[in-house]
Amino acid sequence: MKDPKLSVILITYNHEKYNRKALDSVLSQETDFPFEVVIGDDCSPDDTKNIVREYQKNYPDQVRLVHREKNTGRPTLNVYETTMKCRGQYLAYLEGDDYWTDTKKLQKQMDFLESHPEYIACTHSHKMIDDAGKDITDPEILKVSDMYKWSGEFTMEDFKTSAHWPGHYATVVSRNIYKSKKHDYTILYKAHDFVDDGQILLFLLMEGKIFRMDDEMSVWRYVRKSGGNSWTSRSMKRNIWREDVLMTKALMQWLEKEYGLTDYA
């Protein structure tokens, strides 16, 4: 594909059980514009690499792979490097264990952004499922999703003062702000090895407003178990308090340099 209008960033690692569901949900999208799928597999030891190669072979004009000879162990570096390979004017995000549920998702969000140039991105509602694919009903787990409860416009001021974010990672479609090279976006992986959604949200809000649709169009597979390979499971082994402090410090220093903040406000 020569000139995709949109690039789907699909990040995966050890997702052999879920890759086909994720990729099929992307490739089944009904759009009036061309889009590519750029897959960043961090050298998975399971069958993920063979599955994504199969899709690349079957969809050679649409699916591209970011090859790695060895595992970086840094999901945010995977996100950064895969994003930098994208050619589209717009970007959509998905992890290999999540998937989209509406075949018109990309079209709906693109239509909105094309007709509303004042917005930098568009998100939507989602639902949560467990490892077996069943809807999560545990109220304690569902509280994790409460941070994404929002409707309508979301601004930098909301980001500063609200406990909510406008959308889960798999719900975002944005303009490709990275093409302009306006800022040093390597902070995406330098601030933290695992956490990237907050940084991406910050990058976007520095450029404009985000609109949250009420449509439910994606699924977040939330898996938190000892020994698991999901980001959420792997976080159980980390010192979250210490890492959050260090990440916040790195981001504040970056904002001072790139955004002109002098009081960390």
>> Considering just Cα atoms, how many Å³ per residue does the convex hull of the range 89-230 enclose?
In response: 127
> Can you give the calculated 222 nm mean residue ellipticity of the chain, where each DSSP H run of n ≥ 4 adds -39,500 (n - 2.57) and the sum is split over every residue, rounded to the nearest 500 deg cm²/dmol?
Replying inline: -9500 deg cm²/dmol
> Going down the list LYS17/LYS108; LYS105/LYS143; LYS21/LYS108; LYS2/LYS127; LYS85/LYS209, which pairs span over 23 Å between their C-alpha atoms?
Replying inline: LYS17/LYS108; LYS105/LYS143; LYS2/LYS127; LYS85/LYS209
> Cα gyration tensor of the range 102-186, axes a ≥ b ≥ c as square roots of the eigenvalues: rounded (a/c below 1.5), prolate (a/b > b/c) or oblate?
Replying inline: prolate
> DSSP loop trypsin sites (Lys or Arg not before Pro) in the range 152-193 with at most 10 other Cβ atoms within 10 Å of their Cβ, which ones?
Replying inline: LYS181
> When ligands, DNA and RNA are left out and all protein chains stay put, how many square angstrom of accessible area per residue does the chain have with a 1.4 Å probe?
Replying inline: 48
> How many percent of DSSP beta bridges within the chain run antiparallel, rounded to 5?
Replying inline: 30
>> Under the rule a/c < 1.5 gives rounded, and otherwise a/b versus b/c splits prolate from oblate, where does the range 47-92 land using the Cα gyration tensor?
In response: oblate
> How big is the Kirkwood radius of the range 24-172, worked out from every pair of different alpha carbons and given in Å to one decimal?
Replying inline: 17.4
> Counting only protein heavy atoms, what percent of the accessible surface of the chain is carbon or sulfur at a 1.4 Å probe?
Replying inline: 49
> In sequence order, what are the phi-derived ³J(HN,Hα) couplings for the range 183-193 according to the Karplus relation 6.51 cos²θ - 1.76 cosθ + 1.60 with θ = phi - 60°, rounded to whole Hz, with x for glycine and proline?
Replying inline: 10, 7, 7, 5, 4, 4, 10, 6, 6, 6, 6
>> Heavy atoms of the protein only, probe of 1.4 Å, neighbouring chains included. What is the accessible area of SER180 in Å², nearest 10?
In response: 80
> In the range 20-104, if every C-alpha pair distance is counted and binned at 10 Å from zero, what percent goes to each bin?
Replying inline: 16, 52, 29, 3
>> Checking the a/c ratio against 1.5 first, then a/b against b/c, what shape does the Cα gyration tensor give for the chain?
In response: rounded
>> Could you tell me which residue out of VAL66, SER151, VAL26 lies farthest along the dipole of the chain toward its positive end? Charges go on the beta carbon: Lys and Arg +1, Asp and Glu -1, centred on the Cα centre.
In response: VAL66
> In the chain, which whole DSSP H runs stretch at least 18 Å along their own axis (Cα) and average -1.0 or higher on the Kyte-Doolittle scale?
Replying inline: 240-258
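The values are calculated or read from the model by the stated rules, or taken from the named source; none is laboratory data. This is a predicted model, so every value here is computed, not measured. All Cβ positions, even for glycine, are placed from backbone atoms using ideal geometry, and neighbour counts span all protein chains on display. The accessibility values were calculated without ligands, DNA or RNA, using every heavy atom of the protein model including side chains. Shrake-Rupley method; radii C 1.70, N 1.55, O 1.52, S 1.80 Å.
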